[in-house]
Structure formats: structure tokens, C-alpha cells
Amino acid sequence: MKVAIIQLGYADGSEEGVEARAERAAALVRRAGAGHDLVLLPELWSAGGFASREWEERSQDLSGLADGHLPPALVPVAEATREIGAVVHTGSHVERTAEPGEEGRHLWNTSVVLDPQGSVCATYRKIHRFGFGGGEPKLMEAGTDLVVTELPAPADGVQVALSTCYDLRFPELYRLQLDQGAGLFLIPSAWPMARVEHWRLLLRARAVENQCFVVAGNTAGTHAGVEMGGRSAVVDPSGVVLAEAGSGEETLSVELDLDEVERVRDGFPVLSDRRL
Ligand SMILES: NC(=O)CCC(=O)C(=O)O
């Protein structure tokens, strides 16, 4: 499976609205995603990773997805997806719902994956909210559902598990995904430079402990005064970093040998020694 990660950058003070940013993301999907089976965009690029004051205004109504009604952040990306014929994880967006969730809020951090026809084939609401009482926990609901699924061709052949950024710090989530058959963790993020070494360490840890591929796309730039860390990466099931980005806007292209998951698990069967 050939995978592209688009480490999209955006800056504070830019006048770029949701639609203009979506056009720019779509152009990158066309340019960097062509010839790939799976393309990954980062967390919350349409709303701004740490720009929580703008989340409400930049939120997207995803209620029509199943009927093919895409919100403004997704329309240009879906067109690009159809043109390149890949599966595109569009990253995550601030989803706005008419009905509040359990905590009375109407916003969620929701990932949307498109099939090569530009239709939605998977969604995931971020389970662990980042902000320690501010930011996400203050403004958003927490997702509750694990998502492990085989994506459509040409990104098929492995069970793919969805998670988002801060989720990476919670190994029990990945164990549950492993137990549902995951062989590849797909992780859009907006992870700051200040903790980028945690990011690099945890990506490899999640790969090694679960003997899974990790495909993780971060953002670049500075959002609401927070410098983003970049360092998007692809890690194989032995923990070898197959590709890693720098800190600026950049794209990665990596060919994955999916049989490596079984080879590593058969050759070093540590998972069968778990004691539950
Ligand atoms: N967007 C996020 O979830 C940020 C997570 C983060 O900064 C951290 O875990 O550190």
C-alpha cells in the first residue's frame, strides 16, 4: 500500500478562511496524493488546531454525510479524492450537531475518511480531549466509539484503526484496537513543538508494543500562538521509522509491505504472551 502524508501548515494572523484552506488542502491532495492508495491530512486543519476561539464559527455540519451532502471544508477535498482515485483520510474537523451530547455541547473533534468516489467510508470522534479543563474538554464532547475497519480498495488489505492526536498518550485505546484486529494505526494530529519528542517516542512505542504500522500526520506552522511540531512519520511493526518529516509544510510518500505485520508477529510472538 502506498501512503502519502500531507503535513499541512498554516499560520496565526492568516486571512485564510475555511473554504480557501480547503482549496489549498485539495491542491496538495491532487499534487502529493496522486499515485497513492491512502492519503492522510492532519487534525483540525479546517478550524485551526489550537484556535479554540474560532472553532464554533469554523465548525462543520456533518449530518448529511451519509446522503452525500458534504460541508464546505470537505467539498474541494472530495473532488480531489475522486480525481486521484485514492482513499483520503481528510483529517479531523470541528463537527457541529443540532442535538447536544451527554455534556450538553454541540461540538466534536471528528475525523472523516473518503473512499475513491469521494463518499464517506468512515468517521471517528476523538475520545481523549486535550486541554486539561480548557480547549477541547471545555468546548467539545468526547467520542465513545472505537473504529477499526478495512478501508475500501485501493487502501484495503489491513484492518485500519482510527485515533486522533492526544489519544496517542493512552495505550489502552490501542490495545482495544489491536484486539479488534488492527494492523495499522492512522493518526491525524496537531501536536506542538514543545512536546515533539513525546510524539516521536509514542509513535514508535505504539508500533512496537502492538506490532502494527503507525501512519501519523502532524501539522506545521503556529496556531493561536502554539508552534506545531511537524515530524509526521510512518513507523513499521518493528518500530523502524520508515519516513519522518521535518517541521515545515511537507509531504511524505511511503510504500508499506502489509505482510510485514504477520511476519513480525510470527517472528517475535510477544503478543501471545499477554496475561489478561
Ligand atoms: N491536539 C492535541 O490533542 C494535542 C495533544 C498534545 O499537545 C499532547 O498530548 O501533548
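Values as computed for the structure displayed
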{"quantity": "Computed [θ] at 222 nm, deg cm²/dmol, the chain (DSSP H ≥ 4; -39,500 (n - 2.57); rounded to nearest 500)", "calculated": "-7000 deg cm²/dmol"}
{"quantity": "Debye equation applied to the C-alpha atoms of the chain, log10 I(q)/I(0) at 0.12 Å⁻¹", "calculated": "-0.66"}
{"quantity": "Accessible surface of HIS106 - all protein chains present, 1.4 Å probe, nearest 10 Å²", "calculated": "70 Å²"}
{"quantity": "The range 5-63-the range 233-256 distance, computed between alpha-carbon centres (Å)", "calculated": "20 Å"}
{"quantity": "Dipole in debye (nearest 20) - the chain, about Cα centre, beta carbon charges: Lys, Arg +1; Asp, Glu -1", "calculated": "560 debye"}
{"quantity": "Three-way shape label, the range 1-73, alpha-carbon gyration tensor, a/c 1.5", "calculated": "oblate"}
{"quantity": "Probe 1.4 Å, all protein chains present, accessible-area order of LYS138, LYS2, largest first", "calculated": "LYS138, LYS2"}
{"quantity": "For the range 183-197, Karplus couplings with θ = phi - 60° (6.51, -1.76, 1.60), whole Hz, Gly/Pro x", "calculated": "x, 8, 9, 10, 10, x, 8, 9, 9, x, 4, 4, 10, 5, 6"}
{"quantity": "Contact order normalised by residue count of the chain, Cα under 8 Å, 6+ apart, percent", "calculated": "20 percent"}
{"quantity": "Under Karplus coefficients 6.51, -1.76 and 1.60, residue-wise ³J(HN,Hα) of the range 209-226 in Hz, glycine/proline x", "calculated": "5, 10, 6, 10, 6, 10, 10, 10, x, 9, 9, 10, x, 10, 10, 6, x, 9"}
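The values are calculated or read from the model by the stated rules, or taken from the named source; none is laboratory data. As the structure is a computational prediction, the values presented were derived from the model and not from experiment. In this analysis, Cβ positions are derived from the backbone assuming ideal geometry, glycine residues included, and neighbour counts consider all displayed protein chains. Heads up: the accessible areas ignore ligands, DNA and RNA and are worked out on the full protein's heavy atoms, side chains in. Shrake-Rupley method; radii C 1.70, N 1.55, O 1.52, S 1.80 Å.
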